[in-house]
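Q: Can you read through this structure? Questions will come right after.
The values are calculated or read from the model by the stated rules, or taken from the named source; none is laboratory data. What you see is a predicted model; the values in this text were computed from it and never measured. Virtual Cβ from ideal backbone geometry, glycine too; neighbours counted across all protein chains shown.
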Ligand code: 3HC
């Protein structure tokens with residue numbers, strides 16, 4: 001079975017690798033050649049580390065990479081039974097991608113959005129098959145994180161839900177049913193906690209202290225600020241804004257320091273600077 005993943009950013013390429021690890025043939029599509037090259041390099045570097053650690057043979061690595069076709073040719077999605085969209089978290093971009101994939105894919109295929117909080121019903125509304133559209137929210141890094149939140153839109157059919165769930169389970173993941181509300185389950189709880197940690201930094205706490213407290217006091221693998229740098233401060237701020245605008249509730253107000261950091265280009269690990277320095 002062939003899976004198409006639209007978007008070759010950190011999430012898209014991670015989902016592509018997750019599918020290849022589960023033995024699917026994957027087409028990872030992006031209209032930017034640079035993103036495709038970056039995705040190839042990132043996966044190659046990640047798998048090289050596994051080979052160096054003795055966790056994978058070089059032949060297995062090459063076979064995995066062979067399973068992923070990095071391409072800018074959208075017409076290839078006609079061969080896929082499942083299409084997963086993982087483009088930036090912007091409703092206009094997502095809608096335009098769904099118009100394209102609806103037109104170019106087989107009528108039997110189901111269309112999955114990896115949105116972390118946008119409305120599945122709204123995304124589905126631009127297609128001619130809203131009953132075949134569903135949300136499946138993967139977590140970063142996708143090959144490692146066990147959970148996928150399944151989110152049904154208003155008219156997602158039972159058949160689409162079952163096909164999506166069976167597919168996610170075949171990737172070795174666990175699912176939960178999440179409501180079609182901003183942040184679903186995890187981000188609605190996790191991101192306000194990261195936001196609160198940013199407020200503490202604004203009030204003068206050292207990031208190291210906030211993270212150490214949460215790691216040693218709650219057994220989190222990463223502290224909230226380390227995690228914000230890891231996922232991207234821009235991504236976290238956008239999610240917080242989604243909660244604030246979606247619920248129109250001041251308890252979700254984004255911490256101003258996050259706005260300033262994003263404006264300064266301090267986006268976390270990917271830019272070399274966030275709450276910590278990575279250079
Ligand atoms: N892609 C794929 N695999 C990765 C990876 C990546 N980016 N980063 C690490 N890994 C793999 C490694 O290859 C390694 O695999 P192995 O055991 O087979 O060798 C394994 O993960 C462990 O990696 P490391 O030994 O390098 O490092 P750690 O033991 O410190 O674990 C971590 C790294 C798994 C990232 C761990 O710190 C962790 O679980 N952090 C929390 C992650 C988290 O909370 N994610 C959710 C973010 S919120 C979100 O995604 C919502 C969205 O809407 C933004």
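Q: So how many residues does segment 6-19 have that are surrounded by fewer than 22 Cβ atoms within 10 Å (Cβ to Cβ) and closer than 23 Å to residue 55 by Cβ?
A: Within segment 6-19, the subset surrounded by fewer than 22 Cβ atoms within 10 Å (Cβ to Cβ) is 9-10.
Still in the list and also closer than 23 Å to residue 55 by Cβ: 10.
Qualifying residue count for the region: 1.
Q: Looking only at segment 75-96, filter to residues that are part of a helix (DSSP H, G or I) and touching a strand residue (DSSP E or B) at 6+ places or on another chain (Cβ under 8 Å); which one of those is nearest to the ligand (Cβ to nearest atom)?
A: The qualifying residue nearest to the ligand (Cβ to nearest atom) is 94.
Q: Tally time: how many residues in segment 139-183 are within 16 Å of the ligand (Cβ to nearest atom) and either under 21 Å from residue 12 (Cα atoms) or surrounded by 14 or more Cβ atoms within 10 Å (Cβ to Cβ) (or both)?
A: Restricting attention to segment 139-183, the residues satisfying the condition of being within 16 Å of the ligand (Cβ to nearest atom) are 139-151, 168, 171-176, 178-183.
The next check asks that each one be either under 21 Å from residue 12 (Cα atoms) or surrounded by 14 or more Cβ atoms within 10 Å (Cβ to Cβ) (or both); those that pass are 139-151, 168, 171-176, 178, 180-183.
Number satisfying all stated conditions: 25.
Q: Has segment 66-74 got any residue that is over 20 Å from residue 125 (Cα atoms), assigned to a helix (DSSP H, G or I), within 17 Å of the chain's Cα centre (by Cα) and in contact (Cβ under 8 Å) with a residue 24 or more places away in the chain?
A: no
Q: Restricting attention to segment 203-210, does a residue exist that is under 24 Å from the mean Cα position of the chain (by Cα) and either away from the ligand (no atom under 13 Å from the Cβ) or surrounded by 17 or more Cβ atoms within 10 Å (Cβ to Cβ) (or both)?
A: Of all residues in segment 203-210, those under 24 Å from the mean Cα position of the chain (by Cα) come to none.
Taking every residue of segment 203-210 in turn, none turns out to be under 24 Å from the mean Cα position of the chain (by Cα) and either away from the ligand (no atom under 13 Å from the Cβ) or surrounded by 17 or more Cβ atoms within 10 Å (Cβ to Cβ) (or both).
Q: I'd like to verify a number: residues in segment 121-159 that are in contact with a helix residue (DSSP H, G or I) (Cβ under 9 Å, 6 or more places away or on another chain), closer than 17 Å to residue 180 by Cβ and in a helix (DSSP H, G or I), how many?
A: Number satisfying all stated conditions: 7.
Q: Anything in segment 221-235 that is part of a helix (DSSP H, G or I), more than 7 Å from the ligand (Cβ to nearest atom) and either at pLDDT below 95 or under 19 Å from residue 88 (Cα atoms) (or both)? List them, or say none.
A: Scanning segment 221-235 gives 228, 229, 233, 234.
Q: Just give me the residues in segment 45-59 being more than 12 Å from the ligand (Cβ to nearest atom) and either touching a helix residue (DSSP H, G or I) at 6+ places or on another chain (Cβ under 6 Å) or under 16 Å from residue 18 (Cα atoms) (or both), in sequence order.
A: Kept after step one, since they are more than 12 Å from the ligand (Cβ to nearest atom), are these residues of segment 45-59: 57-59.
Matches in segment 45-59: 58 only.
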